[in-house]
Amino acid sequence: MSPTLEKSSSGKSNMSEDVFAAFLCDETTLKTVAKVAKENGWSPDRVHEGGVNNAVKTLAGSASPQYLIVDISESLDPHKDMGSLAEVCKPGTIVIAIGAVNDVKLYRDLLTAGVQDYIVKPLVPEVLRDAIKIAINASEEEVETETVTSHHKAIGIIGVRGGVGASTIATNTAWLMSNKFEHKTALLDLDLQFGTGALAFDLEPGRGLTDALANPGRVDSLFIERATVKYEEHLSILSAEAPLSENTSLDPQAIHHLLSELRRNFENIIIDLPRGMATSNPFVLKELNELILVTDLSLVAARDTIRLISFVKKQTPKLKISIVANKAETGEFNEVNPQDFARSIEEDLTWTIPLDRKTALQATKLGQCISQSSPRSKVAAELNSLASFYCDVTEVVEQKKGFFDMLKKGGKS
Ligand SMILES: Nc1ncnc2c1ncn2[C@@H]1O[C@H](COP(=O)(O)OP(=O)(O)OP(=O)(O)O)[C@@H](O)[C@H]1O
Ligand SMILES: [Mg+2]
């Protein structure tokens, strides 16, 4: 998608016939849209009566705008009508839909079909302002992403079962990338209620992530600078401790926008992604460049690794998945030996990290990650290999071997 119209450096589009149009069904919505459009420097003359059907008719005979606000509240079949609208719009058009039905399925279907946002009536000016701001940012991101941030990576880390060590791997990876390899790194902890991203470094989570998800329109580089908790020069943390009574479902647009901003500001974004969050919000997977599945060597974990790999491949066939076996015991003490585990999941175990309770406990007691508190441990050595791989540090990549390669070589220093 590449916006074809001229934009000012402020992000606002220049007044032009083709920048904006709205097709709306009722007086109140017409007035609200006209007012907010004017604030953005868009002509209120481009606000028309009549919903999506009128939009289809009008745009079939004229150039489609860059930003299109369309009311679907009188549509009998919104999916079909939005399909017809897509046919008469140029590919770069960014569409905000407005409707009367508060239906999550409709909302998700519209987003999947490429609609930028869906707003339920009565239309609140503040909500529309936010949606427009995100739409403008989104069109700028399309242009910038390829140039400025093409090498900036979002790496998701999912534990296939509870307690396998996904957060431990996320915090250590983020710290190594930022401290040892000096890559500007953000640790985004999407375990919004039970996350340990901040706690692992003995920090308070702050309100940054909560605010970013609640008010995506406010998220820009300055916001990121203020809202992230800085641990060290190159490591910033976005984490929350949401009340347990709170609904923590994610908004696809808020996540997309937050990650786009993080990409703009950081070379690596390590996302601690609880498996339940990933399966109920699969759009998050589409935001990732790489995925690490963390497992232990138990029978149930083998089953769940297989199920998660299959789920992820269905959602995002091209996403590169690496498997980390954590808490590996020696010899016969694993429920499933690493070779059989790899065979059953039909994937290599790219990294195998030994179980080392003493080292893990030491890190917790010091409020540090293992790579800080016990840099010479075997756990730290494997984590170092993992982090260096994702930082493209080639000389250390040499060390990246599976468990059996290590055994054959008699272990690593
Ligand atoms: N290799 C290891 N050896 C020993 N203990 C470990 C190892 N890796 C992690 N741990 C410990 O296991 C516990 C669980 O780790 P962690 O919180 O990272 O798991 P998780 O998969 O994120 O759990 P949750 O499902 O709650 O999110 C922690 O006490 C951690 O210190
Ligand atoms: Mg965790």
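Read-outs: derived from the displayed coordinates by stated rules, not from any lab. Quick caveat, the model's predicted, so the values are computed rather than measured. Reconstructed Cβ throughout: ideal geometry from the backbone, glycine too, with neighbour counts over all protein chains shown.
Can you bin segment 20-147 into rounded, prolate or oblate? Criterion: square roots of the alpha carbon gyration tensor eigenvalues sorted a ≥ b ≥ c, rounded for a/c under 1.5, prolate for a/b above b/c, oblate for the rest. Don't skip to the answer; put the middle values down first.
Working: a/c = 1.21, a/b = 1.10, b/c = 1.10.
Cα axes put segment 20-147 in the rounded bin.
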Sort 218-227, 294-303, 267-276 by packing, meaning the average of other beta carbons within 10 Å per residue, with the highest value first.
267-276, 294-303, 218-227
Quick one: grab the alpha carbon gyration tensor of segment 80-132, order the square roots of its eigenvalues as a ≥ b ≥ c, and give me rounded if a/c is under 1.5, else prolate or oblate depending on whether a/b is larger than b/c.
oblate
Under 11 Å from a point placed 7 Å out from the Cα of S280 along the Cα-to-Cβ direction: which residues of segment 215-249 have their backbone N that close?
246-249
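What length, rounded to one decimal in nm, is gained on full extension from R129 through to L361, with 0.36 nm per residue of separation minus their alpha-carbon distance? Could the numbers behind the result be given before it?
Values: separation 232, 0.36 × 232 = 83.52 nm, distance 4.85 nm.
Fully extending the segment from R129 to L361 adds 78.7 nm.
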Take K313, project a point 7 Å from its Cα along the Cβ direction, then tell me which residues of segment 267-307 have their backbone nitrogen under 11 Å from it.
306-307
The chain: antiparallel DSSP beta bridges as a percent of all, rounded to 5:
10 percent
Give the cross-link partners of K38 among the aspartates and glutamates, using a straight C-alpha distance below 12 Å as the criterion and excluding same-chain residues fewer than 8 apart.
none
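Out of all DSSP beta bridges in segment 266-357, what portion is antiparallel? Express it as a percent rounded to 5. Working shown, then result.
Details: 0 of 9 bridges.
If I count the DSSP bridges inside segment 266-357, around 0 percent turn out antiparallel.
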Among the aspartates and glutamates, which have Cα under 15 Å from the Cα of K80 when same-chain residues fewer than 8 positions away are ignored?
D71, D109
Mean-square fluctuation check for the chain, GNM, Cα pairs under 10 Å: which of V33, V52, V124 is largest?
V124
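I155: net charge of surrounding residues, Cβ under 13 Å, Lys/Arg +1, Asp/Glu -1, itself excluded? Mind showing how you got there, number by number?
Working: positive: K153, R263, K320; negative: E267, D272, E287, E290, D392.
That works out to -2.
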Most mobile of K105, K57, K31 in a GNM of the chain (Cα contacts under 10 Å)
K105
Cα centroid separation, segment 192-242 to segment 46-81 (Å):
39 Å
Candidate aspartates and glutamates - alpha carbon under 18 Å from K378, same-chain residues fewer than 8 apart omitted:
D296, E329, D356, E398, D405
